[in-house]
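Contents: one structure, followed by commentary.
The values are calculated or read from the model by the stated rules, or taken from the named source; none is laboratory data. In this text, all values refer to a predicted model and were calculated from it rather than measured experimentally. So basically every Cβ, Gly included, is an ideal-geometry build from the backbone, and we count neighbours across all protein chains shown.
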Amino acid sequence: MNNAVTSSPGAGDQPPRSRRGGVILFGALALVGIGLLAVFYYGILNPPSRRASEGLAPDFQITTYDGEAMALSDFRGTPVVLNFWASWCVPCRDEQPLLQAYWQRYQGEVVFLGLNYLDQRPNALAYLAEFGVTYPNGPDMGSRIYSAYRVQGVPETFFIDAAGQVQGVHVGPMTARDLEQRISQLLNPTF
């Protein structure tokens, strides 16, 4: 009688599948770890204290989605609310109706400018149309302005006084109270 132990086909496949799953899991965790490490080091190399959060606002030139060429310095003498956004950014979508409402409310007293970050033109135009945005918006070509202001994510909003000085930065989506307070400070500076 043959006492050889036989195994059914495929029974030897379990350990390799198990190892393969472990390798995939390890690889995924390693990628997540590398991503978190990259974000951490970006934060160290670009701490909030190095943002354009005080002093003269970096000047820039853009061509808006309406084809108008403009520079930030064109608005000297009028406070500016400068908002960095993207159509794929959910918090940007949450705050956009508020920005449009305050632009309509303070038009003539405060300039609102929107800078679109890392977006495709059709998506940006669809976003602006969806929210009925009427204040000037344009693409930040090559992320030059984003880098000059040391923005760390969208949405991020800079408040620039009539003399061109950055008076504050708001990271994340704003509430009506946040925006009202910041605009009030721009219109009624305490020197």
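For this structure, a couple of remarks:
- ARG93 vs. criteria closer than 21 Å to ALA176 by Cα, at pLDDT 60 or above, within 18 Å of the chain's Cα centre (by Cα) and charged (D, E, K, R): yes
- Residue within segment 88-101 that is among the small types (Gly, Ala, Ser) and either buried (at least 18 other Cβ atoms within 10 Å of the Cβ) or more than 28 Å from ASN188 (Cβ to Cβ) (or both) present: no
- Positions within segment 152-191 being among the acidic types (Asp, Glu) and closer than 20 Å to TRP85 by Cβ, in sequence order: GLU156, ASP178, GLU180
- Residue in segment 154-168 that is surrounded by the most Cβ atoms within 10 Å (Cβ to Cβ), counting only those that are β-branched (Val, Ile, Thr) and more than 13 Å from the chain's Cα centre (by Cα): ILE160
- Scanning segment 37-59 for residues that are part of a helix (DSSP H, G or I) and either at pLDDT 95 or above or within 28 Å of ALA124 (Cα to Cα) (or both) yields a count of 5.
- Screening segment 60-81 for residues that are without any contact (Cβ under 8 Å) to a residue 40 or more places away in the chain and not in a helix (DSSP H, G or I) and picking the one that is surrounded by the most Cβ atoms within 10 Å (Cβ to Cβ) gives GLN61.
- Only strands (runs of 3 or more DSSP E) whose full extent lies in segment 82-191 are considered here, and the ones with at least 1 residues that are without any contact (Cβ under 8 Å) to a residue 24 or more places away in the chain are 165-171.
- Residue match in segment 120-132 (condition: within 16 Å of THR78 (Cα to Cα) and assigned by TED's automatic domain parsing to the domain that holds GLU54): no
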